[in-house]
Structure formats: C-alpha cells, structure tokens
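Right, one structure below, let's go through it.
The values are calculated or read from the model by the stated rules, or taken from the named source; none is laboratory data. It should be emphasised that the depicted structure is a prediction, and the values quoted were computed from it without experimental measurement. When we count neighbours, we look across all protein chains shown, and the Cβ atoms used for this are built from the backbone with ideal geometry, even at glycine. For the accessible areas, the whole protein counts, side chains as well, though only heavy atoms, and no ligand, DNA or RNA atoms are used. Shrake-Rupley method; radii C 1.70, N 1.55, O 1.52, S 1.80 Å.
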Amino acid sequence: MSDPDEVSDAGADVPEYETVDVSVLLIGAGAAGARTAIELAECGVEDVLVLGKRSHGDAHTTWARGGINGALGTQDPEDSWAIHAADTLNEGHFLNDPQLVETVTAQMPDRLRELDEWGMEFSRTDDGKIDQRFFGAQSFRRTAFAGDHTGESLLNALVDRAQELSIPYQEDVMITKLLSDGDRVYGAVGFDMDSGDFILFNAGVVVLAAGGYAAIYNRHTSRDDENNGDGPALAYDAGAELMDMEFVQFHPTGMAVDEGDSEWEPWSGRLVTEAVRGEGGRLYNADGERFMERYSPTQMELDARDVVARAIAQEVAEGRGTDNGGVYLDISHKSESFIRERLPRMYARFDELGVDMAAEPIEVAPTAHYGMGGVSVNEYGETRVEGLFAIGETMAGVHGANRLGGNSLAETVAFGVVAGKHIAERGGGPGHIPTRLIKETAEPQFRGLAMLADRDGSHAVADVCIDLQNLMWEHAGILRDEESIKAGLAKLRALRRKTDDLAVGPVTSDSFEFAIDIGFMLTAAEAVLRGARERTESRGAHYRTDYPDVDTEWQRNIYFERADVGGMISHTEPVGTPSKPVQDAINEGYELDYHQLE
Ligand SMILES: Cc1cc2nc3c(=O)[nH]c(=O)nc-3n(C[C@H](O)[C@H](O)[C@H](O)COP(=O)(O)OP(=O)(O)OC[C@H]3O[C@@H](n4cnc5c(N)ncnc54)[C@H](O)[C@@H]3O)c2cc1C
C-alpha cells in the first residue's frame, strides 16, 4: 500500500481498537519466533505472546526441505564448528559478520541434539545417529535432515515443545507498524485478519521474526503470502538499519515448466531441493553436456549456489537450454528405492505430475530463494532501536554475499536461543507507550487502515504486486548493470504512485493484506535496487556485468536508514575479522571434492 499513515485523514474519528499488554511480543511464528519463545519460557519469562499471520505451525519454515547444518561429525568426524564457520565465510565472500557466524556454528551441534530430544524426526544412520548429507560448497557432510521435509519436522518439534510450555499464540494477526520513537520500541499496531478488529500491542520488547523478502521477485520459491519484506520494512520504518539488501540468492534449481500448461504453471519457480544434487543429481544442457565440467570441474553440481545459478543462466542465454528456459537435472542413475527414501517429497511431487525421477530427468532453472540482507543487529540479535530484536530470515549478517544451504534453519534456532537468553537477562515488563506515540503514530495508523478498507481505487492490488515482481526480476535479477538498475528505480517510483490509488476489499480480505504488503515490498525493493547500484563490483549472488570482478575495496557492508525528511540514506562499513580458530580453518583451505560422491 500505500502506507496507512499517508492514507490517514487527521480529521476522521479514530476507529475502535483493543489494547493488549505484554512484556515480550514475538512477531512471527516460524522456527525463529518459536525457538525464541521456548528460550524465554525456559528462562522463566512468562508474559510472552507469539503471533503470526497464519495458524499455529503454519509458517514458511515448513517449506524448508533439504536440511539444517551443524558440525556433529556423524559421517565426517574431522568436521568442526570452526570449519563450518570457515565454509560459511568463504561462501559469503567474506562479507558476513564473523561474530554472528561463529554464534551460529559453535552452537549448532548442541541445538541439533536438543531438537533430537524434542522429537524432531531426523533421518538416521544404521546405528541410529543423526545422519548428515553433503550440501553445496560445504567441506564435509554436515547437513542433518528429515528426508526432504526438514522444515516441517523442525517446526513440528518446536510447536510441540512450545505447547508443552503453554506459550500463548495468537493466530491470524498482521502487524502493520511498530511503535517507536526511533530510539526505543514500545509495541506494535495490527489487526485480526479473521474478525477485522484493530489491536494495539503495548510491549516492552518486540522480536521481529517475520521472514525475508525473496518474494519480491516474480520467480520465487516462497509462498505468495510470505517473504514480502514485512520484517525488514517494519524495522526500517521504526528506525533500525537495513544491511546487505542487494544480496539475493537465486537458487539454481527452481522448477522450469511450460507456463502455458495449467497443470504445470502453478509450479513455476518452486524449489527443487539442493538435496537432489547432494544425493548425486547431475545437470545436463539440452545438448546432453554435463556443463558444470566447464564451470567448476572439482565441485561440479555442488559448487556454490551463485556459481551453479549463473552457469545455468549462461547455458540458457547461449541457446543450450530446454524449451522451457531451463536445463535437465538427472538422478535417474540412482535406484527408485534410494530416491524414494532420501527425497520422498520430491519424488511424490514429480510422480503426481507424471514424471518418474528414477527413470528420467526433470527440468530446472534459477529462482529467487533467499534474501541474505535484512535488519542489522548486534551479537544478541538486537537492532539499534532499544528493545527491538530481529532474528531468523529477517536479520542480516550471517550469510554475507551468499548463503550456504542448510544455514538459515541453523540461524533461526541459534539466534532464537541467543536473543531469548539476552531478553530474559535484561528483564522488564510491558512498558508504557508515551501518549505522543499513541496520538501521532498509533491512531493515525488505525485511521489509515480504516480508510484503506473497501477503497474504490483504479488499480487491482494483485496487478501492482505482479508489476513490482516483474520489475525486480528484470532490473535486479541474476545479471545487473547500472543502466538497468537506474531504470528499475525510476519504474519503482512510478509504481509507488499507483499504490495511492488501489482497489481494496474489506479488512478481512486478501487484497487488504496484500495492499499492506505492497508497502513492505516497495521498501525492500528500493533497498535492493539502491544497494545493487551502489555496489560497483561482483561478489557472491550480486553480479554486475559492468563490474564483473570482486573489488577488495568493497569488502564492506552497505547500510540503509530512513532519513528524517523522506528517502533512504546509505553508508558503508568494513566487515570484522574472524577469531583465530576460524582464521586457521580458512587458511587450511578445506574444500568439497564432488567426485568423492561418485
Ligand atoms: C522452498 C524453500 C526451501 C528451503 N529449504 C531450506 C533448507 O533446506 N534449509 C535451510 O536452512 N533453509 C531453507 N530455506 C530457508 C528457510 O526455510 C527460512 O530461511 C526459514 O524457515 C525462515 O524462518 P523464520 O522463522 O525466520 O521465518 P518464517 O518461517 O518465514 O516465519 C515468518 C513468520 O512471521 C509471520 N509474519 C510475517 N509477516 C508478518 C506480519 N506483518 N505480521 C504478523 N506476522 C507476520 C508469518 O506468519 C510467520 O509466522 C528454504 C526456503 C524455501 C523458500
């Protein structure tokens, strides 16, 4: 939308709203929100409320497939947390915050064992240990998994644990604005998506665990109603900084389909898990060449996601792609029983569509998968706005210029624990929202929401969303250049004007939710485009055809903040240095040799 504040008419009555007082408000009930809530409860903080836009247990996390990383050493005892950190920094092209990386990798063996105790249904070795598989660009087998439905098993285990601890959960609530004076957060404003009631949350601490922003692209792996940038945009509006937004991971293997075929069309861009390659899948172009031999003879299909995605894009651009603009992924050299056991959901999905993965290849092409950027936080997951935390996919810093598969689920649970402990230690109750914030922020927001409902504008919300997603694919996609990014920013300004004139349904309608989401998407999109223009080099997932090389001067993070008088302003800062054990592991130069799989 349009920001409800801009729609608000100061003369109109303030609609009725309910007030909820709580010490800690957790916005988001995926793995990150759930794990934070569990930690808070275990530390004795009782006055906690978790909310999400969907019912309990239904968050984007359930779509995670291939696995979750932690150096347990089940298969490769020489693995360690420091090598895990080294692989993460290597893959992030040394733009990650080393301290945040180490916070994740050092904890993960314990976090995995704890999840096991809480009933997560890990796949196991013959002797009953948590099994671990290869995943791209990792030196050892450290990706623990539950078949190819790891996210669902993880969230089930966390929800069960949260229910055992009687943690309150409010479903179908959408937050539209945080209450902040720029220095401190006091709560949030939102509405019940079922009843349409408006709610003011008075909270001493707010944890944003509201997911990422990859769905601002037209080919993406997220659910359409998630990863629209809610988390980063809410934090930015409240005075926090965004960081590394230009780094968007294009997963090499989304489904490439005939878009004219109604049975296949809904599957366009949907994820084909990296586990297919991790279990030995091979990529071929339309001429039957195993083309990764040319791009990455050692790591082959299991090279970093950015390398494989660009290789596929290049094969297609040079005319060696399939009719559907993709390439072939083939695991048919493995037995049907192996595929059914290791990749059950993938096998079933293609089987339903009439393709037997054990007998023939599937078609794949790159798709927007994950935003490495997000909200800038310190070692506890706290933003520069006091009391406002951002964790999980909403936060930035762990993945740098490109993310290792299996590391984002790891980040959710690791930072859930760190943030939860820190909040418990600092203590405090619901707080007290200053009257000025109620009058100048909350009430105008409620008025704006009321006026947005049933609005009779000229542009359909869905059309504007699609225009925005197409714009991002065209102007900030896999290959970028100055001219195209500038044109994208100009188009974005025009699109923003359209959002003042949207046709919107009642508060409980999908179009109302998406009208608000468009506002979040515009913020995320602008930061991606601006970051992509500012970063005059190629690094990780950010590839500039006019600056094709890494520039060591650019080993810096780009931050965006909201200027007092309109507009986004940026600054850059150099990244930190890793600890000695991690630097030693980097110096050792561990690397996956794909051919050991064959
Ligand atoms: C198809 C797919 C497969 C993946 N596979 C893997 C994998 O194998 N391994 C791996 O490590 N990672 C994987 N990932 C990434 C991983 O799934 C996510 O990064 C992770 O699950 C994010 O968890 P989260 O808790 O941060 O957010 P989410 O699970 O996205 O939860 C966000 C929560 O915030 C709520 N919310 C959002 N906006 C609002 C709002 N405005 N108001 C109120 N509530 C709001 C939502 O309702 C939801 O409850 C995959 C991603 C995709 C798309």
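Worth pointing out:
- Heavy-atom accessible area per residue - the stretch 286-358, 1.4 Å, Å²: 44 Å²
- Listed by chain and number, the lysines whose alpha-carbon sits under 19 Å from that of Lys439, ignoring those within fewer than 8 places in the same chain, are Lys177.
- Within straight-line cross-link reach of Lys129, aspartates and glutamates at Cα separation under 12 Å, skipping those fewer than 8 residues along the same chain: Asp116, Glu121
- Extension gain for Met451-Asp58 works out to 138.5 nm (0.36 nm per residue, less the C-alpha to C-alpha distance).
- Peptides ranked, highest mean first, by Cβ atoms within 10 Å: ranges 59-71, 570-582, 292-304: 59-71, 292-304, 570-582
- Each 5 Å bin, from zero up to the one with the longest distance, holds this percent of the alpha carbon pairs of the stretch 400-546: 2, 8, 13, 12, 12, 13, 15, 14, 9, 3, 0.
- Helical content of the chain, expressed as a calculated mean residue ellipticity at 222 nm, amounts to -10500 deg cm²/dmol (DSSP H runs of 4 or more residues, -39,500 (n - 2.57) each, divided by residue number, nearest 500).
- For the stretch 108-213, the solvent-accessible area works out to 32 Å² per residue, with a probe of 1.4 Å and every protein chain left in place.
- Rounded FRET efficiency, nearest 0.05, which uses the C-beta distance separating Arg294 from Ala359 and R0 of 25 Å: 0.40
- Hydrodynamic radius of the stretch 246-383 by the Kirkwood approach over all distinct alpha-carbon pairs: 15.8 Å.
- Of all accessible heavy-atom area on the chain, the percent that carbon and sulfur account for (1.4 Å): 43 percent
- Whichever aspartates and glutamates have a C-alpha closer than 14 Å to that of Lys580, once near sequence neighbours (fewer than 8 apart) are set aside: Glu102, Glu588
- For the peptides 551-558, 530-537, 125-132, the ranking by mean Cβ contacts within 10 Å, running from highest to lowest, is 530-537, 551-558, 125-132.
- Kirkwood-type radius of the chain, with distances r between different C-alpha atoms, in Å: 24.1 Å
- Subtracting the Cα-Cα distance of Ser262 and Glu440 from their residue separation scaled by 0.36 nm leaves 59.2 nm.
- Span-rule helices in the chain, defined as complete DSSP H runs reaching 20 Å or more along the axis (Cα) with Kyte mean at least -0.5: 150-164, 407-426, 461-475, 510-534
- Legend: calculated FRET efficiency, Asp510 to Arg340, from the Cβ-Cβ distance at R0 = 30 Å, rounded to 0.05, equals 0.25.
- Based on protein heavy atoms only, the stretch 405-467 ends up with 40 Å² per residue of surface accessible to a 1.4 Å probe.
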